[in-house]
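Chemist: What follows is a structure written as structure tokens; I'll ask about it next.
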Amino acid sequence: MSKATHNMHRPVINHTIADALAKVTARIQQAAQAAGRNCETVRLIAVSKTQPADAVAQAYANGQRDFGENYVQEALEKQAELNALADLQWHFIGPIQSNKTRPIAENFAWIHSIDREKVAQRLNDQRPPHLPPAQICLQVNIDDESTKSGVSLTELSALAKAVSHMPRLQLRGLMAIPAADNTPEQQHQAFRKLHNALTELQTQGYQVDTLSMGMSGDLEEAIAEGATMVRVGTDIFGTRTNTR
Ligand SMILES: *Cc1c(COP(=O)(O)O)cnc(C)c1O
């Protein structure tokens, strides 16, 4: 089924966040079942970028615990408003500028978007001692797009090696955002490539278990190819009208 057809059958307007979350959860269950996987092996990250703290609180009230943010300043404001919700897990999923690593090191349990050693080193050095090591995914530029961040597949092994020696970072796996104009088949191939790259790291001896891939429009394809975390914004919170 084409993405366009998918989307026509999934209107996001007029749904409360509770309904939308239930629908996304059902899609994850179905996709896992179709792939012969236990749905508990797929973790849903609710991507709350550009959404108000109140939307996060509503999702939280409906059992959602993992939230993804792309912009440091916006995330910090939301975290301050929501700091009473103690077991909420924040995931940083946006591009990381090397001069803005400190608040990311201090305020996120997971960081999905590390793509160079310099940024990793700064995050490691700035991770506060009272917190557990940050859980890390390396972002791979899986479709080799010149405009997209992410380490290339050829440089991945060297970056994994460097990060694995950083005690305040725990390397968990890989993240990718495939090309926006991929056909569903190309999307499968991109996700499969990322899965193969993870398997290759495991073969090299790295204890990695996480594949962060799949968003609102392609979470089924991602789960079919082994995603263990899907990052879903639009289909939970609605269209982002207040884009930056
Ligand atoms: C915005 C974003 C998402 C969510 O995308 P939707 O299509 O709204 O589900 C997932 N991952 C990253 C890295 C994003 O920036």
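Just so it is clear, none of the values below were taken in a lab; they were calculated from the coordinates. Remember, predicted model here, so these are calculated numbers, not experimental data. Here the Cβ positions follow ideal geometry from the backbone for every residue, glycine too, while neighbour counts run over all protein chains shown.
Chemist: Go through segment 62-100 and give me each residue that's in contact (Cβ under 8 Å) with a residue 24 or more places away in the chain, within 28 Å of residue 164 (Cα to Cα) and among the polar types (S, T, N, Q).
Modeler: Selection gives 70, 89, 98.
Chemist: Looking only at segment 121-145, filter to residues that are surrounded by 24 or more Cβ atoms within 10 Å (Cβ to Cβ) and touching a helix residue (DSSP H, G or I) at 6+ places or on another chain (Cβ under 9 Å); which one of those is farthest from residue 99 (Cα to Cα)?
Modeler: My answer is 142.
Chemist: Here's another thing I want to ask about it. Just to verify a result, which residue in segment 101-111, among those that are in contact with a helix residue (DSSP H, G or I) (Cβ under 7 Å, 6 or more places away or on another chain) and within 16 Å of the ligand (Cβ to nearest atom), is nearest to residue 166 (Cα to Cα)?
Modeler: Going through the qualifying residues, I end up with 111.
Chemist: Which residues, taken from segment 73-106, are under 17 Å from residue 46 (Cα atoms), touching a strand residue (DSSP E or B) at 6+ places or on another chain (Cβ under 9 Å) and not hydrophobic (A, V, I, L, M, F, W, C)?
Modeler: 78, 79, 89, 91, 94
Chemist: Right, here's the next one. Those residues that are within 17 Å of residue 102 (Cα to Cα) and surrounded by fewer than 23 Cβ atoms within 10 Å (Cβ to Cβ), I need them from segment 66-77; list them, please.
Modeler: Residues satisfying the conditions are 70, 71, 72, 73, 74, 76, 77.
Chemist: Consider segment 112-134. How many of its residues are without any contact (Cβ under 8 Å) to a residue 40 or more places away in the chain and either outside any loop (DSSP other than H, G, I, E, B) or of a type in the set (A, V, I, L, M, F, W, C) (or both)?
Modeler: Residues in segment 112-134 being without any contact (Cβ under 8 Å) to a residue 40 or more places away in the chain and either outside any loop (DSSP other than H, G, I, E, B) or of a type in the set (A, V, I, L, M, F, W, C) (or both): 6 in total.
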